[in-house]
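Report on one structure; see the data block that follows.
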Amino acid sequence: MLLWVSLLVLAPVSGQFATEPKPVISLHPLWTTFFQGETVMLTCNTFRFHAPEKIKLYRWYLEGEIQSETLGNTHEVRETGMYKCQAQDSPPSDAVHLLFSSANLILQAPPYVFEKESVVLRCQAKANTELNGMTLYKHGEVLGVPKKTSEFRIYQAGLKDNGEYRCTGLKKDNETISSNAVKIEVQELFPRPVLKASSTQPTEEGTLTLTCETQLSSQRPDVQLQFRFFRDYTSPQPYWRSSPELQIFTIQREDSGSYRCEAQTVTPHLQKQSQQLQINVQRIVADVRLYSRPELVFEGKELVLICSVSGVPAPITVSFFKKRPWNKDAKIVTSSETEFKIPAVESSHAGEYYCAAGKNHRSFPSQTLTISVRVPASHPVLTLSRSRAQTLEGDEVSLRCEARRGSLPICFQFYHESMLLKKAEGTIWRSVSFRFTVTAEHSGHYYCTADNGLGPQYSEAASLSVTVPVSRPVLTLRAPRAQAVVGDVVELHCEVQKGSPPIQYQFYHKNVTLGNGTSLSGQGVSFNLSLTAEHSGNYSCEADNDLGPQCSEAVTLSITVMTGSRSGSVATSVTGGLLSLVGLAAVALLFYCWFPRKAGGRSTLDSSRNHSASDLHEPTYYNVPGWIELQPVYSNVNPKEGDIVYSEVRSVKRENRHAGAVASTPELLNDKDACVIYSQVKVASAPAPKPQLLDSSTPHR
């Protein structure tokens with residue numbers, strides 16, 4: 001059977017060649033082919049990747065399936081197949097193929113073969129098989145015939161030894177038997193090293209680090225590597241070192257050149273050399289700068305001087321200096337730190353400063369930095385100026401913010417109720433002014449801030465009250481129905497659109513004051529009025545907040561008075577006309593009745609028309625003649641009000657010229673042509689209740 005020996009794939013990791021962190025299986029005995037019935041001890045080695053004392057469990061695989069789990073790192077096997085192991089928290093190892101053969105002759109070889117190593121191949125016969133001789137073949141050609149032993153040895157294995165090997169044996173009966181085939185592939189013990197430098201263009205006075213990078217195979221953890229370095233074609237260093245790094249301190253320009261490194265193993269003895277690496281040492285071009293933090297330096301605050309150094313290789317020393325006009329510059333401090341702190345700045349700290357970077361007795365100074373100590377702004381004073389004691393809408397107001405102390409420039413800000421109004425900077429003076437025309441919205445508190453970089457300082461607040469004259473008020477009449485009648489309660493509401501409270505309101509009926517009220521909130525005022533017939537007419541209201549009264553437009557109210565015998569109405573506006581007409585009719589009737597008496601006649605009333613006194617207390621109301629109903633506005637007479645006095649005019653149709661005049665005692669006429677006109681001539685009711693004033697915020701019916 002053909003046996004393939006595993007190859008390890010090498011790859012660069014973190015600047016050196018390193019295998020993937022996998023466990024490695026080692027065999028005891030160190031063969032991959034055995035007779036059936038024999039056992040092999042497998043060991044799972046984790047020497048490079050995991051501390052053995054931390055591993056609590058090992059897992060063993062056969063052909064990809066878990067075969068066993070052990071607490072130790074060893075495991076005995078006796079079956080043919082591909083074996084892997086896995087330590088706790090590690091990936092599985094590479095596979096190792098084991099063959100347990102039933103043949104009479106086998107060829108045994110190690111699982112791994114590395115360059116420059118000696119390799120033993122053993123041709124082994126079964127215990128009950130006697131052979132007269134053995135022959136080793138490579139690619140079908142005889143390689144050797146061992147005489148006293150069954151082992152074949154390859155010294156210092158190399159690429160030339162790669163190939164397929166097999167052995168044969170001659171039995172006593174001259175029968176030839178053949179073994180399994182084994183394929184040998186010689187692997188590199190370590191790859192050719194690669195020389196790397198911390199910089200291929202280092203700066204003079206700096207440090208250069210050279211690294212000779214290579215990696216041993218994980219299958220040979222016990223082999224030690226050694227290194228050495230040399231420049232150009234000079235002789236290499238006479239001694240080897242275990243470290244793959246070389247540091248050149250304080251490198252100079254003459255250290256430029258071509259560098260190489262060598263790596264070797266002692267057992268087996270194997271040397272490999274890297275390719276050349278060109279190193280060019282650069283001249284120092286120093287860039288040293290000094291700056292402060294913060295840029296604006298304030299009295300009593302911390303100041304940090306920072307020395308920025310580039311172009312000078314580390315390590316360096318940094319010195320801080322303060323210039324003195326007539327003496328040698330004063331060295332403040334020298335250290336490896338690039339910062340110098342002054343906890344609390346005083347005015348004496350003002351001046352010119354510079355720093356210098358030192359490297360191997362060489363100094364590289366910076367340019368000078370001028371430090372000016374600034375004084376924080378004091379609490380500002382806000383002054384509010386106006387043209388009169390009471391500020392009216394439309395007046396001009398001036399705000400002035402002044403800081404008595406502080407370094408210029410100072411940034412001033414004006415605020416109204418925490419809202420920024422204006423921002424200005426004082427560069428020559430420690431004060432700024434701000435003028436504006438006020439409206440009602442400008443009432444409130446004002447303050448200002450002063451800031452010259454240390455933080456804002458706040459002034460005390462100043463109050464401004466802007467008085468707004470009242471606008472022309474609006475009068476609204478609110479009745480319970482479309483046509484107001486006597487007895488209804490009407491609400492009169494007077495309100496202005498703008499104006500500063502308190503506002504005094506006056507209500508008028510035909511220019512006669514009905515009542516007044518005051519609004520402290522700036523809203524309108526309401527006035528409730530219980531209607532009588534006299535309340536018809538024009539209404540108005542007036543608003544005043546001591547800046548001049550404003551009068552509303554007039555609102556006309558018509559009141560309807562209902563009659564008792566019909567649903568029609570007689571307008572209060574014709575009451576005066578009715579009284580005049582009734583008067584004229586009465587005079588005419590009196591004259592009519594008086595004229596027959598003058599002629600000697602005497603009026604007589606039909607007894608049937610005489611009525612008892614009780615009839616006079618139950619008057620019957622008649623419709624008002626049609627010509628009166630043509631008036632545009634009507635008012636009802638309310639018969640329920642017992643204090644109304646009516647005048648009654650009677651007319652009697654004459655039967656002859658001797659008919660009597662109208663009786664002195666009132667009688668109801670049955671003649672169809674007769675008519676009685678009732679006219680309201682006086683209201684003798686009790687005085688109307690006092691009107692009630694309501695603020696618009698008071699609920700009403």
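Read-outs throughout are calculated quantities, based only on the coordinates presented, and are distinct from any laboratory measurement. Because the structure is a prediction, the values reported are computed rather than measured. Here Cβ is always computed from backbone atoms with ideal geometry, including for glycine, and neighbour counts include all displayed protein chains.
May I ask you to compute the full-extension gain from Lys171 to Glu534, defined as 0.36 nm times their residue separation minus their alpha-carbon distance, rounded to one decimal in nm? Could you put the intermediate results ahead of the total?
Numbers: separation 363, 0.36 × 363 = 130.68 nm, distance 15.68 nm.
Here the segment from Lys171 to Glu534 would lengthen by 115.0 nm.
Let's test the formula: R0 of 45 Å, r as the Cβ-Cβ distance of Val474 and Glu425. What FRET efficiency results, to the nearest 0.05?
Efficiency computed from Cβ-Cβ geometry: 0.40.
What pairs in Lys301/Lys422; Lys301/Lys323; Lys138/Lys272 have C-alpha atoms more than 24 Å from each other?
Pairs exceeding 24 Å: Lys301/Lys422; Lys138/Lys272.
Please work out the FRET efficiency for the pair Arg324 and Asp287, using the Cβ-Cβ distance as r and a Förster radius of 30 Å; give the result to the nearest 0.05.
Once rounded, the FRET efficiency stands at 0.70.
If a/c stays under 1.5 just call it rounded; otherwise compare a/b with b/c (prolate if a/b is bigger, oblate if not). Do that for segment 173-327, with a ≥ b ≥ c from the square roots of the Cα gyration tensor eigenvalues.
Here segment 173-327 falls in the prolate category.
What distance in nm separates the two pseudo spin-label positions at Asn132 and Gln156, each 7 Å out from Cα along the beta-carbon direction?
According to this spin-label approximation, the distance is 3.9 nm.
Quick one: plug the Kirkwood hydrodynamic radius of segment 381-467 (C-alpha pairs) into Stokes-Einstein at 4 °C, 1.567 mPa s, and report D in µm²/s.
D = 98 µm²/s.
Project the alpha carbons of segment 264-385 onto their principal axes and report the range along each, largest first, in whole Å.
On the principal axes, segment 264-385 reaches 100, 41, 23 Å in Cα extent.
Which value results for Rg/Rh of segment 474-559 when Rg is the Cα radius of gyration and Rh the Kirkwood radius based on the inverse mean 1/r?
Taking Rh as the inverse mean 1/r over Cα pairs, Rg/Rh reads 0.99.
Please order Ile410, Ile428, Ile284 by the number of other Cβ within 10 Å, starting at the fewest.
In order of increasing Cβ crowding within 10 Å: Ile428, Ile284, Ile410.
What is the fewest-to-most order of Thr532, Thr368 by other Cβ atoms lying within 10 Å of their Cβ?
Ranking Thr532, Thr368 by Cβ neighbours within 10 Å, fewest first, gives Thr368, Thr532.
Using a 10 Å cut-off around each Cβ, can you sort Val266, Val490 from fewest to most neighbouring Cβ atoms?
Starting with the residue having the fewest Cβ neighbours, the order is Val266, Val490.
Near the amide H of Leu189, under 5 Å away, which other amide H atoms are found, from residues 5 or more places off or on another chain, if H is placed in the peptide plane?
Glu115
Any idea what diffusion coefficient segment 342-384 gets from Stokes-Einstein, in µm²/s, Kirkwood Rh on alpha carbon pairs, 25 °C, 0.890 mPa s?
For the chosen part, D equals 175 µm²/s.
With a/c under 1.5 counting as rounded, go ahead and sort segment 26-120 into rounded, prolate or oblate using the C-alpha gyration tensor (a ≥ b ≥ c being the square roots of the eigenvalues; past the cut-off, prolate if a/b is larger than b/c, else oblate). Could the numbers behind the result be given before it?
Numbers: a/c = 2.38, a/b = 1.44, b/c = 1.65.
Oblate, since a/c reaches 1.5 and b/c is not below a/b.
By average Cβ neighbour count within 10 Å, what is the ranking of 146-158, 440-452, 213-225 from highest down?
Answer by packing, highest mean first, reads 440-452, 213-225, 146-158.
With label points built 7 Å along Cα→Cβ from the Cα atoms of Thr317 and Glu346, find their separation and express it in nm.
Label at Thr317, label at Glu346, 2.8 nm between them.
Through the Karplus equation 6.51 cos²θ - 1.76 cosθ + 1.60, θ set to phi - 60°, convert the phi angles of segment 62-79 into ³J(HN,Hα) values in whole Hz; use x for Gly and Pro.
10, 6, x, 9, 5, 9, 6, 10, 10, 7, x, 9, 10, 7, 8, 9, 8, 10
In nanometres, what is the gap between the two model label sites at Leu384 and Gln523, each 7 Å from Cα along Cα-to-Cβ?
For Leu384 paired with Gln523, the spin-label model returns 2.8 nm.
What's the whole-number percent of alpha carbon pairs in segment 3-187 lying beyond 20 angstrom?
Numbers: 10097 of 17020 pairs.
Taking all Cα-Cα pairs of segment 3-187, the fraction more than 20 Å apart is 59 percent.
Over all pairs of distinct alpha carbons, what does the Kirkwood formula give as the hydrodynamic radius of segment 400-524, in Å? Could you put the intermediate results ahead of the total?
On the way: mean 1/r = 0.0531 Å⁻¹.
This gives a value of 18.8 Å.
Residue by residue through segment 209-224, which ³J(HN,Hα) values in whole Hz follow from phi under the Karplus form 6.51 cos²θ - 1.76 cosθ + 1.60 (θ = phi - 60°), with glycine and proline marked x?
Whole-Hz 3J(HN,Hα) from phi for segment 209-224: 10, 9, 10, 9, 9, 7, 8, 5, 5, 5, 6, 10, x, 8, 7, 9.
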